[in-house]
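The values are calculated or read from the model by the stated rules, or taken from the named source; none is laboratory data. Since we're looking at a predicted model, the values are computed, not measured. For neighbour counting, all protein chains shown are included, and Cβ atoms are generated from backbone atoms with ideal geometry for every residue, glycine included. Ligands, DNA and RNA are stripped out before the accessible areas are found, and what is left, the full protein with its side chains, is counted by its heavy atoms. Shrake-Rupley method; radii C 1.70, N 1.55, O 1.52, S 1.80 Å.
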Amino acid sequence: MLRWTAVRTGDSLPEEEYGRLLDLLPIKRRAEVRRIKDKKSACGILTAYALLRRELKLYHGISRPVIAYEKAGKPYLPEYPRLHFSISHSREYAVCAVSDTPVGTDGETVRALRDSLWRRVLTQSEYSWADGDPGRLFRLWTLKESYFKFTGTGLAAPLKSVEFTFGENGPVVNRPGVFAASALISDAAFGLCSAADAMPAGPEILPVEEILSVF
């Protein structure tokens, strides 16, 4: 089963909710969040992990997950090795994917960035397809981020080393056994890469109140 969900994080969390979600973080991440001065960025991390815990509790019966990290930084559940997850957060959105096969996801707010950046990260074919459209550019960006989360290598490999094309049935990646999904919802782009061939059209967008009510 593959579930893909997202939530708009908002500008802040109520103080009592902030402290409660902070206590639920893995110890490593808790220390990192306490060092973040930008409250909005910190709230994004807290919301992403809360979204993950909601999915694990409601759909897998896991109330207190133990989260560990591989050398490259990819998180995993040591007590549930057959269950895979990926989370991401930006200043506006948190996104989560949970699956019984390896998975990677990313979400980004669509915004203007320098053309020189896109030329560094996109192949010529991808750059031509995007044609300067911010939505298309960020769909490609989130797909690439998702792919490297899926593989567990992080961004150590060049972003141009993997290429996506878009057809009638959505994005296709030039890697065998890897399936991709992409969505542009409101002002955000979302990407998903998985070994599962049944891919959702886009993440289910949940209200932040629904995430907080689970705990």
* Asked: Quick one: is LYS160 modelled with pLDDT of 95 or more and within 19 Å of ARG119 (Cα to Cα)?
  -> no
* Structure fact -> Of the residues in the stretch 154-180, those that are among the hydrophobic types (A, V, I, L, M, F, W, C), open to solvent by 70 Å² or more (accessible area, probe 1.4 Å) and closer than 18 Å to ARG136 by Cα come to VAL172
* Residue under evaluation ALA130, criteria (1) under 18 Å from the mean Cα position of the chain (by Cα); (2) modelled with pLDDT of 95 or more; (3) open to solvent by less than 20 Å² (accessible area, probe 1.4 Å), criterion not met -> (1)
* Of the criteria (1) surrounded by fewer than 20 Cβ atoms within 10 Å (Cβ to Cβ); (2) closer than 27 Å to CYS43 by Cα; (3) in contact with a helix residue (DSSP H, G or I) (Cβ under 9 Å, 6 or more places away or on another chain), which one GLU70 fails -> (3)
* To do: Go through the stretch 93-173 and tell me which helices (runs of 4 or more DSSP H), entirely inside it, have 3 or more residues that are touching a residue at least 60 places away in the same chain (Cβ under 8 Å).
  => 134-151
* Asked: What are the residues in the stretch 19-67 that are in a helix (DSSP H, G or I), without any contact (Cβ under 8 Å) to a residue 40 or more places away in the chain, surrounded by 11 or more Cβ atoms within 10 Å (Cβ to Cβ) and not basic (Lys, Arg), if any?
  -> GLY19, LEU22, GLU32, VAL33, ALA42, CYS43, LEU46, TYR49, HIS60
* Residue match in the stretch 37-55 (condition: at pLDDT below 90, under 20 Å from the mean Cα position of the chain (by Cα), of a type outside the set (A, V, I, L, M) and at positive phi) -> no
* Asked: Among the residues of the stretch 78-98 satisfying the criterion of being among the polar types (S, T, N, Q) and surrounded by 21 or more Cβ atoms within 10 Å (Cβ to Cβ), which is farthest from PHE179 (Cα to Cα)?
  -> SER88
* To do: Test LEU212 against the criterion of being modelled with pLDDT of 95 or more and either under 18 Å from the mean Cα position of the chain (by Cα) or under 22 Å from PHE85 (Cβ atoms) (or both), and give yes or no.
  => no
